[in-house]
Every structure is written in C-alpha cells, then in structure tokens.
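Engineer: Next up is a structure, given as structure tokens.
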Ligand code: PMP
C-alpha cells in the first residue's frame, strides 16, 4: 500500500520502524532509566510537553553539547543538525559567548537597570538589519507579542494577518488556519484560545498577493506578521516579488508589517530582510542571537518609535502590556553582545551556507538514485527535504505533503546512527562548528536509509 505521493510501502515502513525502535531502546539504557524517573513529577517524563514528540520511546538525555556535536548520557556522540531548532545555530556554547556570559555571571545577572552592553547590541542590530530602534525580551514569542500590541495601539485596529501554517511562537493570534471554505478558523489542537481566532486573525496563503489584498481591504487589520520565507511547515520560499508586494500592500492599507527573522536569519547575517533589501516596520528575532542564552528583540523604524513615544504615558508604562521583569537583563545583553559581534559574522555564514548546499546535494543524490518523489528546499545555512515531487508554494501544499510516520522513521534511523535532525521537519541547520565530515556522515546515512526504504517499495 502507498500513501500520498511518498510511494512507501506502509507494511515495510512499519516493520522498519519497529526494528529501529528496538535498536533505540537497546542502545540507550541510561536515557531509558532517566526517562522512567522523570515520569514521577513531569507529565510524559519531559520538562516541556512537546518533547514527547521526538522519535523513540523516550527522549535522548544530553550529557554535554559542544560545537556541532552532543554526547548523550549513554556516551553516544551525535552530529547535531537540529541545533536547538536555531537556538544553537551558532554552535553549542560558542567560546566568545561563554567568555562574556561567564564574566557577567559574577557581576550581576539581572537588576532592572541597563548595562553598557545594551548600547553596543542595539547599535549592532541597527546596522545589521537597517532599523534604528530596538527593545529586548527573553523570547521571540514575546517580541512578536509586543510588536503586535504596538501595532494595535498605533493603528487603533484589531486584526492580525498571518500565513496559513505559520509558526511564530506561542502567540494566541497565530494559531489559526484556513478551513475548506477558506475561512479563518482555530488550528487543530489549539489549546485554550481566549476567543476564536476568527475574531483576532485573518489567515492568507503564502505567495497569494490577491488573497492578502482582500484581507487588508476590509480596513480592520493592524499588523501583518510574516516569516519572509516559511520555515515551520518545511521551507516555502517566496515567489520573486512576493515580499515586496506584501510591503506595498501594507503601506497602501496603513498596516504595520512585522518580519519575523527568528529562523530566516539562516539566510545571512541580516536575514532575508537585509539580503533582499526589505523594509518592514518591525523586525523580530530571538533564539540564535544570544548563542543559546534566552533573549529576544524587536526593532522598529524611527516613525514607529516617534508614534510610540507620543502615545504612551510614563505613569502607565510598566503595566501597559509591554514588559517582562527579566527583559534586557545583564546576562542576555552580554550574550548578545559577544554573539552578534564575534560569532554571527559574515565569515561564519561563508562557512555555513556552502555546507548546507553540500548537505542538500547529498540528499538530492540519494533522492535521484532511488527515484523517491521528494524535493529539497534550501535557505542559506538551512535545507530541508519534503515528501512531494515539486516545491510547495504555500503552507497548505506543504502541510498536505507531510507524512508523520515516515518522518518519525527517518528521524529515528538517523538518531540511531548518531545524527540529530530538527524534529517535526526534515530539516538540517549548519553552525560555524559544523564540518564537511559531519555533512558526509549524514549523506552516507541518508543514502543507505533510502536504499532500504525503497528496496521493497
Ligand atoms: N518565530 C519563529 C519564526 C519561530 O520559528 C519560533 C520558534 N520556533 C518563534 C518565533 C518563537 O521562538 P521562542 O519559542 O524562542 O519564543
């Protein structure tokens, strides 16, 4: 039997998956024991619920991570192509970040007062992304939330436009999708929405300029929140001119445009925004810019800064919905200062991007050799394969190409051979510490995997 366009024999797949599960259990007795203990006080035995979704019967417990590798508690070395889903895109514990953070740790972690590092960080971000003013949070989620709040405040409108199958962190307004009649509705398993997302959100497909214009023309939209290329439903690249059309329509309808570069920073030191000379009103980024230390930030134009300054009262500024006691703390500022200046450099991308291409070439060769009807997408230091013959143009197409069981199998096969992929995708990310040998290890593993998978398909 085959499902979708994957042409994979399901019985064969299920037998292979059983074999890999058994091998996983056999190789990892210490992780298994820790998982058992973890269940006593953490549901699912994990510190965050989504960690139960990793393939295998329990998560791999990490002993130490360094550069592009980590070792689990069973002593197995892994090539890490997940890199904390971009949180560790600059490698695990980069030396410059560790030095700066170590120094700051004994000089005060958080005080509610600024440190001098904040000046260098905001100036560096301004130069990197072309937006003059910056504010800081601890997560990209919070940065998105704050940008949305300001957009509502400045426009006096309520709705947010997002792309179908987007992900921008745990932001209430974004857990919406299009139903079969192309109406906005709650995304499957949206947990505890405050109100139906149809009240807060209008969803459009990526690369659908006409659909976007229709959504904006109603006159009630405060903000468009976008990734300039989708990265959370596989990689979906913009058609030529799409991001520029989004900007034009935002201007035409007086809507605030927020570019979320949290993942698309993989395109280069200034993300897609700088690479393609885009001009959002806000830019959000988190995860990688602190080398793994929690931090997030949002930048905005001088016009936005001026409108905010004129409309927010000093007396209420701490309880107006923009905040976070630990935001802008000395530790995350020190981490960002060192990471942005010394680690996340053009030179680093000059190393990372050719490696991602080499990884993608290796995957493509295996796909070609087996005739699997799959395709590859590339975005700077990131690449991904998907189970459809042609690249998806929007989130719906990308979601339709998904195959959960097949994905679990491919990830588990890789994990059993010491390679960690980004979960919930077939994605690989390169860091400055990743080597050609790491990429070649994946290429060999993947070719053998596909050979076996399709040998009876
Ligand atoms: N924006 C994008 C594009 C993301 O992919 C994510 C997380 N994957 C976030 C924001 C939220 O980041 P965090 O979970 O660190 O808040």
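Coordinate-derived values only; no laboratory data. What you see is a predicted model, and the numbers here were worked out from it, not measured in a lab. Quick reminder, even Gly has a Cβ in these numbers, built from the backbone with ideal geometry, and neighbours come from all protein chains shown.
Engineer: Specify the angular offset, from 0 to 90 degrees and rounded to the nearest 10, of the alpha carbon long axis of helix 10-27 from the longest principal axis of the alpha carbons in the chain.
Structural biologist: Approximately 90 degrees, to the nearest ten.
Engineer: Cα centroid distance between segment 1-76 and segment 133-168, in Å?
Structural biologist: 34 Å
Engineer: Arrange the peptides 280-288, 419-427 so that the one whose residues have, on average, the most other Cβ atoms within 10 Å appears first.
Structural biologist: 280-288, 419-427
Engineer: Quick one: which of 110-122, 52-64, 428-440 comes out on top by average Cβ neighbours within 10 Å, and what's the full order, highest first? It would help to have the intermediate numbers written out before the result.
Structural biologist: Values: 110-122: 15.2, 52-64: 17.2, 428-440: 21.4.
Ranked from most to least packed, the peptides come out as 428-440, 52-64, 110-122.
Engineer: Give the angle, between 0 and 90 degrees and rounded to the nearest 10, that separates the Cα long axis of helix 404-416 from the longest principal axis of the Cα atoms of the chain.
Structural biologist: Value to nearest ten degrees: 70.
Engineer: I need two numbers for segment 259-390: Rg to one decimal and Dmax as a whole number, Cα atoms only, in Å.
Structural biologist: When restricted to the Cα atoms of segment 259-390, Rg and Dmax are 19.5, 67 Å.
Engineer: Working from Cα positions, state the angle (0 to 90°, nearest 10) between the long axis of helix 302-311 and the longest principal axis of the chain.
Structural biologist: On a 0 to 90 degree scale, this one is about 60.
Engineer: Quick check on segment 95-343: of the DSSP beta bridges with both residues there, what percent are antiparallel, nearest 5%?
Structural biologist: Among the beta bridges of segment 95-343, antiparallel pairing accounts for roughly 50 percent.
Engineer: Given a Förster radius of 30 Å and the C-beta distance between residue 303 and residue 218 as r, what FRET efficiency does 1/(1 + (r/R0)^6) yield to the nearest 0.05?
Structural biologist: Efficiency, from the Cβ-Cβ distance: 0.80.
Engineer: Something else: Per residue, what volume in Å³ does the convex hull of the Cα atoms of the chain enclose? Display every interim value, and only then the final one.
Structural biologist: Working: hull volume 68.3 nm³, N = 457.
Measuring per residue, one finds 150 Å³ for the Cα hull of the chain.
Engineer: Roughly how many nanometres apart are two label points built 7 Å out from the Cα toward the Cβ at residue 107 and residue 190?
Structural biologist: Going from the residue 107 label point to the residue 190 one covers 4.6 nm.
Engineer: Looking at the square roots a ≥ b ≥ c of the eigenvalues of the Cα gyration tensor of segment 95-343, which shape do they give, rounded for a/c under 1.5, prolate if a/b is larger than b/c, or oblate?
Structural biologist: Details: a/c = 1.75, a/b = 1.55, b/c = 1.13.
Prolate, since a/c reaches 1.5 and a/b exceeds b/c.
Engineer: Which shape class, rounded, prolate or oblate, goes with segment 227-328 when its Cα gyration tensor gives a ≥ b ≥ c as root eigenvalues, a/c under 1.5 marks rounded, and past that a/b bigger than b/c marks prolate?
Structural biologist: Verdict is oblate for segment 227-328.
Engineer: Next question, about the same structure. So what is the relative contact order for the chain, in percent, with contacts set as C-alpha pairs under 8 Å and at least six apart? List each step's numbers first, then the result.
Structural biologist: On the way: 874 pairs, mean separation 108.3, N = 457.
This gives 24 percent for the chain.
Engineer: Moving on. Based on the mean of other Cβ atoms within 10 Å per residue, sort peptides 441-451, 258-268, 299-309 so the most packed one is first.
Structural biologist: Descending mean neighbour count gives 258-268, 441-451, 299-309.
Engineer: OK, next. Which value, to two decimals, describes the C-alpha radius of gyration of segment 1-126 once divided by 2.2 N^0.38 Å?
Structural biologist: Compactness ratio reported: 1.49.
Engineer: Where does the chain land at 222 nm, in deg cm²/dmol rounded to the nearest 500, when only DSSP H runs of n ≥ 4 count, each adding -39500 (n - 2.57), divided by all residues?
Structural biologist: My calculation for the chain gives -12000 deg cm²/dmol from helical runs alone.
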